[in-house]
1. Just the residues that are at pLDDT 95 or above, open to solvent by 20 Å² or more (accessible area, probe 1.4 Å) and over 16 Å from the mean Cα position of the chain (by Cα), please, taken from segment 3-37.
2. Taking residue 70 as the residue in question, decide whether it is open to solvent by less than 10 Å² (accessible area, probe 1.4 Å), near the ligand (Cβ under 9 Å from one of its atoms) and outside any helix (DSSP H, G or I).
3. If you take the residues of segment 27-47 that are of a type outside the set (S, T, N, Q) and part of a strand (DSSP E or B), which of them is nearest to the ligand (Cβ to nearest atom)?
4. Scan segment 48-60 residue by residue and report those that are in a loop (DSSP other than H, G, I, E, B) and surrounded by 10 or more Cβ atoms within 10 Å (Cβ to Cβ).
Amino acid sequence: MRGTLYIFSGPAGVGKGTVLQRALKKLPGIGYSVSCTTREPRPGLDVEGETYYFLSEEEFRRRIAAGDFLEYANVHGHLYGTRRDIVEEALSTGRDIVLEIDVQGAAIVKEKMPEAVTVFVKPPSFGELARRLKKRGSEGCEEQELRIKNAKEELSHAGEYDYVIVNDIVEDAVSEFIKIVKKHREEIK
Ligand code: 5GP
């Protein structure tokens, strides 16, 4: 039987990466799809092949033309894309896999694969999100402003997702995602 594809989205600074990492540690049999991007690696945070595959714009465009991406999108002025080979390999060997992608990418994948399970992570409030984004400080001021503006846009798409999780207390959000995966595994048994 094919594995299940999970899509995890949410605005920058909502803590979706942390929620996902912790949930994946507790969930056997589910992989993480490492995306390609043209953005610069964040020193001390990013690891090539673990957080992203960092590509030049030229190489990224070559891969678009070759049809290597299941989806790709321009997010905060950089290109991001999901490797089709990683996803297909997982699903065809019966393993579940999760994509951490933006709302544009999620819509493209859901259209192609309606059976995908989509999860949106929301902050407890918009003010809290802006505070978290500023505190993170891994980007310059301009980049932060852009992310806050994009966050508003992203939040307006929450209703298009199968599930919405509020990330107030991280461990609660982790448990919620684990519950969603377990429920789906029960349903397709
Ligand atoms: P960051 O640069 O902060 O790691 O990610 C910025 C945004 O890009 C996040 O919303 C993240 O979910 C999204 N993103 C990461 N990888 C992909 C991808 O492969 N495709 C799309 N469409 N968005 C992605």
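The values are calculated or read from the model by the stated rules, or taken from the named source; none is laboratory data. Remember, predicted model here, so these are calculated numbers, not experimental data. When we count neighbours, we look across all protein chains shown, and the Cβ atoms used for this are built from the backbone with ideal geometry, even at glycine. In case anyone asks, the SASA skips ligands and DNA or RNA and just uses the protein heavy atoms, side chains included. Shrake-Rupley method; radii C 1.70, N 1.55, O 1.52, S 1.80 Å.
1. 25, 26
2. Numbers: open to solvent by less than 10 Å² (accessible area, probe 1.4 Å): no; near the ligand (Cβ under 9 Å from one of its atoms): yes; outside any helix (DSSP H, G or I): yes.
No, not satisfied.
3. 36
4. Going residue by residue through segment 48-60, those that are in a loop (DSSP other than H, G, I, E, B) are 49-51, 55-56.
Residues satisfying the conditions are 51, 55.
Yes/no per residue for (1) in contact with a strand residue (DSSP E or B) (Cβ under 6 Å, 6 or more places away or on another chain); (2) of a type outside the set (Gly, Ala, Ser); (3) touching a residue at least 60 places away in the same chain (Cβ under 8 Å):
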{"site": "69", "(1), (2), (3)": "yes, yes, no"}
{"site": "77", "(1), (2), (3)": "no, no, yes"}
{"site": "82", "(1), (2), (3)": "yes, yes, no"}
{"site": "93", "(1), (2), (3)": "no, yes, yes"}
{"site": "104", "(1), (2), (3)": "yes, yes, no"}
{"site": "123", "(1), (2), (3)": "no, yes, yes"}
{"site": "136", "(1), (2), (3)": "no, yes, yes"}
